[in-house]
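The values are calculated or read from the model by the stated rules, or taken from the named source; none is laboratory data. Predicted model only: the values in this text are computed from it and were never measured. With ideal geometry, Cβ positions are generated from the backbone for all residues, glycine too; neighbour counts draw on all protein chains shown. These accessible areas exclude ligands, DNA and RNA; they are computed on the full protein's heavy atoms, side chains included. Shrake-Rupley method; radii C 1.70, N 1.55, O 1.52, S 1.80 Å.
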Amino acid sequence: MYAVNEWAFIGVFFAIAWVFPVLPIAASWFFSPRKPNAVKQSTYECGVETVGDTWVQFKVQYYIYALVFLVFDVEMVFLFPWAVAYRQLDWFAFAAGFLFIFLLVDALIYAWRKGALEWM
Amino acid sequence: METQCIDIVNTLAACLVAGGADPNLANFLSILMGVVLVATLPLVTVILLIWVERKVAARIQDRIGPNRVGPYGLLQPVADALKMLTKEDITPAGADRFIYNLAPIIAFAMIILMWAVIPFSPVHVGADLSIGILYFIALGSIGTVKVMVGGWSSNNKYALLGAFRTIALLLSYEVPLILALLVPVLMTGTMSLQDITFAQGGMWFIVTAPLAALIFLIANQAETGRAPFDLIEAESELIAGYNIEYSGFKFGMFMAGEFLHVFTVAVLFSVLFLGGWWGPGVEQAPALGFIYLGAKTALVYLALLWVRNTLPRFRVDQVMALNWKVMVPGAIAVLLAQALALRVIDALGLTPVRGGFVESLPQTVILLGVNLVLVFLFLNQVRRQGRRQRAADLAVVGETRPVVSVPAGD
């Protein structure tokens, strides 16, 4: 009963939280003037016409950072159960957790050596 | 488990049932009341925050700040809101309308949602989730989505560039942030924010885990996109970054969301490391918790504003290097050291059982010592690195520079 109530609270909160940002935006839609014209709606680029497609290809560097992040993020989520139980763990589970973290460090060193962490 | 109707605020459901209402409806109504109360708190705060932010920034820059509207300019945020309300809302041509409009809504809603799990006092907490910290991390990750969505959909090259850069920054700094959050979890064995606060009765975690606290604070300064990590809206390079095409209240939502995010981070820092609602007499009068938590949060918030207004902006490569080569290895080292120290403490039988100040003193001393050793090792490493760098610089120049440069006489 207790735990269900907590999650029900989160559920209701998720349903209601949208109202707060939507309300003022809707109100401003009601109050604000609407006089669109082509110049006003053109893409802002310091007064110059945008050349070519906006959605261009971008540097692969961003992608590599995202990959490194993914490795870390996924592995760190696995660490949370270990951390919660940490003070009751036996030595085997304790060592397993440390081994896991050392694998994480290994991944970091590998990415570092490969130059994935250099901004080019 | 039947709760008794003691007073109308804390046991609303029980009171409604006692008054003859359907139990399910009563439950729902009490939850609804709680949600509205918790959600109103950040909304009221944000109005004040805009004023505080501008006033503090002005004072640091030797200006007066808003002082015309209302006493001490206190009504300035209201005037701002009214003005934003009547501004024309321009959607750039070629924008992806649906997600363009969605981004500011996500930006604000996700910050409000974070307040659901914050314990304000021993008895006042929105939802005491058993995975409160994971909930916070999950909502923090949505911050990346709002930037990506906003930057991509506005059909603007500056916005897109700003979004890419921001995503790289936010993703990177999430790693040390989560690693630092693991430390309080290690020490308490729970992810519930309320339980973590209770565990700080003996000693605040800022003393027993100061390095984790520092990493948490720095990573969060980056997550919120504040100086010195404000590459997100580097005005001189990217004009404004991902929110360049937004106007009116949609832009306002991004700004309000940012202010509120910083404040929320300050609240979380107080809860996780400064003992949350702990203070003298809080066990007798739980409502005092609001005041203690508010005071601690205000201190942290002002410190964050101070940092924001005094430090210059990093370069992109510097930000990335600082994260991946200093913060992430540092956070892992802190995690390992803290875990080992806790193991030793448990093996020696020094674990505080009840968590009084005197009882947790041995643990505090050991953990503080471990942290100090880490600081020493880190500074040593920095010094060696610097010495090596200087030697390399000298090798390039090919000659030794004079220690004291003497101006040439004539």
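Taking the Cα centre of the protein assembly as shown as reference, the dipole from Cβ charges on Lys and Arg (+1) and Asp and Glu (-1) amounts to some 1180 debye.
Of all lysines in the structure, those lying under 29 Å Cα to Cα from A:LYS40, and not within fewer than 8 positions of it along the same chain, are B:LYS83, B:LYS87, B:LYS146, B:LYS157, B:LYS250. Peptide A:29-37 is shielded by partner chain Cβ atoms: per residue, an average of 4 of them sit within 10 Å of its Cβ. When GluC sites (Glu not before Pro) are flagged only if DSSP places them in a loop and at most 10 other Cβ atoms lie within 10 Å, the longest unflagged stretch of chain B comes out as B:3-398. The convex hull of the Cα atoms of segment B:149-249, projected and averaged over all directions, covers 8.1 nm². In chain B, a dipole from Cβ-located charges (positive for Lys and Arg, negative for Asp and Glu) runs towards its positive end, and of B:LEU170, B:GLY241, B:VAL375 it is B:VAL375 whose Cα lies farthest in that direction. Hydrodynamic analysis of segment B:263-320 uses the Kirkwood radius over alpha carbon pairs. Inserted into Stokes-Einstein at 37 °C and 0.692 mPa s, it gives a translational diffusion coefficient of 256 µm²/s. Among the trypsin sites (Lys or Arg not before Pro) within segment B:268-321, those in coil by DSSP and having at most 12 neighbouring Cβ atoms inside 10 Å are B:ARG315. Based on the Kirkwood approach, the hydrodynamic radius assigned to segment B:262-407 is 19.8 Å, with every pair of different Cα atoms included.
Between amide H atoms placed 1.01 Å from N, distances below 5 Å from B:VAL125 occur with B:PHE120, all of them 5 or more places distant or on a separate chain. Heavy-atom accessible area with a 1.4 Å probe sorts B:VAL267, B:VAL365, B:VAL78, A:VAL105, largest first, into B:VAL365, B:VAL78, A:VAL105, B:VAL267. Using the Karplus relation 6.51 cos²θ - 1.76 cosθ + 1.60 with θ = phi - 60°, the per-residue 3J(HN,Hα) values for segment B:124-140 come to 9, 8, x, 9, 7, 5, 6, 10, x, 5, 5, 4, 5, 4, 4, 5, x Hz, with x marking Gly and Pro. Shown in residue order for segment B:180-197 are the 3J(HN,Hα) couplings computed by the Karplus curve 6.51 cos²θ - 1.76 cosθ + 1.60 at θ = phi - 60°: 5, 5, 5, 5, x, 5, 4, 6, 9, x, 8, 9, 7, 5, 5, 5, 5, 5 Hz (x for Gly and Pro).
Summarised as an ellipsoid, chain A has semi-axes of 45, 32, 7 Å, derived from the eigenvalues of the Cα gyration tensor scaled by 5 and square-rooted, with the largest first. The three principal axes of the Cα atoms in chain B give end-to-end lengths of 97, 68, 41 Å, sorted in falling order. Neighbouring Cβ atoms from other chains, within 10 Å of the Cβ of residues in B:46-54, number 0 on average. Inter-chain neighbour count for B:240-252: the average number of beta-carbon atoms from partner chains within 10 Å of each residue's beta-carbon is 3.
For segment A:93-106, putting each phi into the Karplus relation 6.51 cos²θ - 1.76 cosθ + 1.60 with θ = phi - 60° gives couplings of 5, 4, 5, 4, x, 5, 4, 4, 5, 5, 4, 4, 4, 4 Hz, in residue order, rounded to whole numbers and with x for Gly and Pro.
Report the percentage of all Cα-Cα pairs in segment B:212-302 whose separation exceeds 23 Å, rounded to a whole percent.
Everything past 23 Å amounts to 38 percent.
Placing +1 on each Lys and Arg Cβ and -1 on each Asp and Glu Cβ, with no other charges, gives segment B:8-389 a dipole about its Cα centre of roughly 1120 debye.
What percentages make up the Cα-Cα pair-distance distribution of the protein assembly as shown when the bins are 20 Å wide from 0? All Cα pairs considered, the percentages come to 19, 51, 27, 3, 0, 0.
Annotation note: chymotrypsin sites (Phe, Trp or Tyr not before Pro) in segment B:308-375 located in DSSP loop regions with a Cβ neighbour count of at most 14 within 10 Å are B:PHE357.
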